[in-house]
């Protein structure tokens, strides 16, 4: 178990560093205007139009880092600081979310798999904590409960790793389009890429953290069964 705790400490430190870096970079690039008079909404609308995606609407949502693409109702939802702001950061975020819309329109396989897993993972996430707790408490009597909890947690871990290529590909599409469309070039393209890479690292750390936690529960299950 000692190795597991060391891994947890390492991931906790990595998570703090990544989150701090993400916040710092987005604050920096949010102050850097584009060379063209486009807000995040304008960038999103143009990227969708340029790629022939005409059935997706761009809307505004409250909060920070609440930007997301919703395939259920065909909307790219941008936070207030992205929707109406002209900056490298807002352009990068808007293009990234449109990258998901393009994935959906083109039948990108990892996104299709991720979407199919959403209902199952939603159910697993709602119950896994309680099932794992009950399983640990009753492992000597009913070890199957902990086994069920581990299986459910494994689904959430799988979901985290499937999310990685989806997010990385959306960022790749975003940066490539920003450059090819002339919205960013040179240093500004590099800054947009840097911001999206910083965001991607949060998904990497989350996936590794989930994997370490899964390993911890598996060790408990195997240890208590001996």
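Normalised by residue number, the volume inside the convex hull of the Cα atoms of region 161-226 is 57 Å³ per residue.
With the simple spin-label model, which puts each label point 7 Å out from Cα in the Cβ direction, the residue 35 to residue 65 separation comes to 3.1 nm. Only Cα pairs under 8 Å and 6+ residues apart enter the sum, and on that basis the relative contact order of the chain stands at 25 percent. The convex hull around the C-alpha trace of region 109-209, projected and averaged over every direction, spans 7.6 square nanometres. The simple Förster model, with R0 at 25 Å and r as the Cβ-Cβ distance, assigns residue 222 and residue 141 a FRET efficiency of 0.90. Between 190, 19, 64, the Gaussian network model of the chain with springs among Cα atoms under 10 angstrom shows the greatest mean-square fluctuation at 64. Of 67, 80, 50, the residue with the greatest mean-square motion in the GNM of the chain, using alpha carbon springs below 10 Å, is 50.
Taking every DSSP helix (H) stretch of at least 4 residues in the chain, weighting each as -39,500 (n - 2.57) and dividing the sum by the residue count yields a mean residue ellipticity at 222 nm of -26500 deg cm²/dmol. For residue 134 and residue 51, the difference between the fully extended length at 0.36 nm per residue and the C-alpha to C-alpha distance is 24.9 nm.
Taking 213, 189, 129 as the candidate residues, the one with maximal mean-square fluctuation in a Gaussian network model of the chain, Cα springs under 10 Å, is 129.
If R0 equals 45 Å, the separation of the Cβ atoms of residue 187 and residue 14 corresponds to a calculated FRET efficiency of about 0.95.
Label separation (residue 176 vs residue 84): 3.4 nm, computed from points 7 Å beyond Cα along the C-beta direction. Take the Cβ atoms of residue 151 and residue 72, set R0 to 25 Å, and the FRET efficiency comes out at 0.40.
Bear in mind that the values in this text are calculations on the coordinates, not laboratory data. Small disclaimer: the values here were computed from a predicted structure and weren't measured. Glycine gets a Cβ as well: all are built from the backbone with ideal geometry, and neighbour counts include every protein chain shown.
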